[in-house]
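A.B. asks: There's a structure below that I have some questions on.
The values are calculated or read from the model by the stated rules, or taken from the named source; none is laboratory data. Given the structure is predicted, the values throughout are model-derived calculations rather than measurements. Because the Cβ atoms are built from the backbone with ideal geometry, glycine has one as well, and the counts that use them run over all protein chains shown. Accessible surface is based on the protein model in full, side chains and every heavy atom, while ligands, DNA and RNA are left aside. Shrake-Rupley method; radii C 1.70, N 1.55, O 1.52, S 1.80 Å.
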Amino acid sequence: MSDQFSKKDEAWSARFSEPVSDLVKRYTASVFFDHRLAEVDIQGSLAHAEMLAHQKIISAQDYADIQRGMAHLQSEIATGQFEWLLDLEDVHLNIEKRLTELVGDAGKRLHTGRSRNDQVATDIRLYLRSAIDDIVGLLKQLQWALLDLAEKHTHTIMPGFTHMQVAQPVTFGHHMLAYVEMFNRDTERMRDCRKRVNRLPLGAAALAGTTFPIDRQRVARTLGFEEVCQNSLDAVSDRDFAIEFCAAGALIMTHVSRLSEELVIWMSPRVGFIDIADRFCTGSSIMPQKKNPDVPELARGKTGRVNGHLMALLTLMKGQPLAYNKDNQEDKEPLFDTVDTLIDTLRIFADMAGGISVKAEPMRAAALQGYATATDLADYLVKKGLPFRDAHEAVAMAVRACEQKSCDLSELPIAALQEFSPLIDEEVYSVLTLEGSVAARHHLGGTAPAQVSEAIKIARARLK
């Protein structure tokens, strides 16, 4: 057990006839991890105290004493002087106990009209609301970095793949924009999730509300909540918002993992499309030539960690009757770790994107493999009047001939191409170039450099 946590002061001595064993204390305590909620716990308590004073439930002097005590408490926590006590179980009781030591009976009156059940639900929502704002900001930073990379490579041709086989030419800028779109959807999901996070449960008390004349809307306004939870039972037992956040987080990490997979493949000497700055890589303890893409590899691995947290929370909630149960203590560690993993990963990826060097020549050479312009030849024949299925068949036969001769479609002489269709003429060679292929897809969402540049402008405007 960390020295940060001490054992003294029984929390429930008035109710029980024998003390809780040390093993049970350690097993049931959450202060080891929920002390990170201290700042939002104080924030929520001050809003609750202000409402109690306004409603004449506590005196103005009590409220002033609570404010004074909380300010002292915040200073102790910020400077590491606060002593977290294992016997007090959690962040809430630790803060209340210390507040009472500082201001006396006013500290004991703070908990009037509330329970730890609605208190912790409020704390988690305040914490998560702030975390979502941070994550949305980091998603924007990552998108900016990818847009900068895309803008440098609107004309850099690379092979596009399906089934990991060369399909059609695209540009590297266009490829990066695909991830910008993914992360933009992630931003939308996070913002939408925030709406359901930003509802106040405080005032539900343990499960049935309180007999005191509280004003929940006042507390909501003070804390910046957009709505108030409408049912007291649901307010204290709802963790949908945490599950929804973890689901959105899992999708973010899925997109990060897809990008990571490509970066790892592209950096392999067998592919050689990119290089990643040294500060994001490590070497080998035995092989001096190695440069390993550790950051994308680890991010790919951490995706499983975040997915696991989502499954943990879904499983945690699936069998719980109303209302609050001790099971819900297990919601915090998966949630906290998801937040930490997302923030760390997005921050480092935004930085790493700026350290990616693109190797245009290997990309272009790879695009010349696999007959990437075959579809362009089929489209050319369709525009000449041949039905698409017939054009598809003719080009397939041409590709087979090229495989036998170990050459590209563009390397076949015109007479050889006309064997597959008399509609082919000399104009076909402009169609069969990589530049001609990408430029021909000049429509919204297409890979033509002009369209890529326009898409970058639109994405930048969206991020402002």
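A.B. asks: Could you tell me whether Arg129 is open to solvent by less than 50 Å² (accessible area, probe 1.4 Å) and not β-branched (Val, Ile, Thr)?
C.D. replies: So Arg129 fits the description; yes.
A.B. asks: Out of everything in region 269-290 that is touching a Ser or Thr at 6+ places or on another chain (Cβ under 8 Å) and surrounded by fewer than 16 Cβ atoms within 10 Å (Cβ to Cβ), what residue ends up being farthest from Ala350 (Cα to Cα)?
C.D. replies: Filtering first and then ranking leaves Lys290.
A.B. asks: Within region 123-144, can one find any residue that is in a helix (DSSP H, G or I), of a type in the set (D, E, K, R) and free of Cβ contacts under 8 Å to residues at least 40 places away in the same chain? Even if it seems obvious, please write down each step before you answer.
C.D. replies: Our first condition is that a residue be in a helix (DSSP H, G or I); within region 123-144, this holds for 123-144.
Filter once more, keeping what is of a type in the set (D, E, K, R): 123, 125, 129, 133-134, 140.
In the following step, the residues that additionally are free of Cβ contacts under 8 Å to residues at least 40 places away in the same chain were identified as none.
No, that holds for no residue.
A.B. asks: Filter region 86-102 for residues that are open to solvent by less than 20 Å² (accessible area, probe 1.4 Å) and modelled with pLDDT of 95 or more; which is nearest to Tyr27 (Cα to Cα)? Explain how you work it out, then say what you get.
C.D. replies: Residues of region 86-102 that are open to solvent by less than 20 Å² (accessible area, probe 1.4 Å), as a first pass: 86-88, 90-92, 94-95, 99.
Those left that are additionally modelled with pLDDT of 95 or more: 90-92, 94-95, 99.
On the way: Asp90: 12, Val91: 15, His92: 17, Asn94: 17, Ile95: 20, Leu99: 26 Å.
Looking at the filtered set, the residue picked out is Asp90.
A.B. asks: Does region 243-254 contain at least one residue that is under 27 Å from the mean Cα position of the chain (by Cα) and more than 23 Å from Arg185 (Cα to Cα)?
C.D. replies: No, there is no match, as no residue in region 243-254 is under 27 Å from the mean Cα position of the chain (by Cα) and more than 23 Å from Arg185 (Cα to Cα).
A.B. asks: Please tell me if Val264 is in a loop (DSSP other than H, G, I, E, B) and within 29 Å of Ala367 (Cβ to Cβ).
C.D. replies: Values: in a loop (DSSP other than H, G, I, E, B): no; within 29 Å of Ala367 (Cβ to Cβ): yes.
Judged against the criteria, Val264 is not a match.
A.B. asks: When region 361-386 is examined, which residues are found to be charged (D, E, K, R) and under 40 Å from the mean Cα position of the chain (by Cα)?
C.D. replies: Hits for region 361-386 are Glu361, Arg364, Asp376.
A.B. asks: Can you give me the number of residues within region 291-300 that are crowded, with 17+ Cβ neighbours inside 10 Å and part of a helix (DSSP H, G or I)?
C.D. replies: 4
A.B. asks: Here's a follow-up. Need at least 3 residues that are farther than 19 Å from Pro169 by Cβ, open to solvent by less than 10 Å² (accessible area, probe 1.4 Å) and modelled with pLDDT of 95 or more per element, so show me which helices (runs of 4 or more DSSP H) inside region 303-415 make the cut, counting only ones lying wholly within it.
C.D. replies: Per the criteria, 332-353.
A.B. asks: Quick one: is Val452 touching a helix residue (DSSP H, G or I) at 6+ places or on another chain (Cβ under 6 Å), at pLDDT 95 or above and over 18 Å from Ala396 (Cβ atoms)? Break it down stepwise before answering.
C.D. replies: On the way: touching a helix residue (DSSP H, G or I) at 6+ places or on another chain (Cβ under 6 Å): yes; at pLDDT 95 or above: yes; over 18 Å from Ala396 (Cβ atoms): yes.
Yes, satisfied.
A.B. asks: What's the total number of residues in region 157-204 that are outside any strand (DSSP E or B) and on the phi < 0 side of the Ramachandran plot?
C.D. replies: Of the residues in region 157-204, 30 are outside any strand (DSSP E or B) and on the phi < 0 side of the Ramachandran plot.
A.B. asks: Taking region 422-450 on its own, how many of its residues are touching a Leu at 6+ places or on another chain (Cβ under 7 Å), assigned to a helix (DSSP H, G or I) and open to solvent by 20 Å² or more (accessible area, probe 1.4 Å)?
C.D. replies: Result for region 422-450: 1.
A.B. asks: Give region 267-279 a look and list any residue that's among the charged types (D, E, K, R) and either under 23 Å from the mean Cα position of the chain (by Cα) or assigned to a helix (DSSP H, G or I) (or both), or say none.
C.D. replies: Asp278, Arg279
A.B. asks: Counting only residues that are without any contact (Cβ under 8 Å) to a residue 12 or more places away in the chain and among the β-branched types (Val, Ile, Thr), which one in region 18-70 is farthest from Lys97 (Cα to Cα)?
C.D. replies: Val24
A.B. asks: For Lys97, work out the one condition from (1) assigned to a loop (DSSP other than H, G, I, E, B); (2) in contact with a helix residue (DSSP H, G or I) (Cβ under 9 Å, 6 or more places away or on another chain) it doesn't fulfil.
C.D. replies: The number of the failed condition is (1).
A.B. asks: Going through region 206-245 one residue at a time, which ones are in a loop (DSSP other than H, G, I, E, B) and open to solvent by less than 10 Å² (accessible area, probe 1.4 Å)?
C.D. replies: Arg239
A.B. asks: May I pose another question? It is to be established whether one or more residues within region 170-191 are polar (S, T, N, Q) and either within 30 Å of Gln369 (Cβ to Cβ) or open to solvent by less than 10 Å² (accessible area, probe 1.4 Å) (or both). Talk me through it step by step, then tell me what you get.
C.D. replies: So in region 170-191, the residues polar (S, T, N, Q) come out as 171, 184, 187.
Adding the requirement that they be either within 30 Å of Gln369 (Cβ to Cβ) or open to solvent by less than 10 Å² (accessible area, probe 1.4 Å) (or both) leaves 171, 187.
For region 170-191, residues polar (S, T, N, Q) and either within 30 Å of Gln369 (Cβ to Cβ) or open to solvent by less than 10 Å² (accessible area, probe 1.4 Å) (or both): present.
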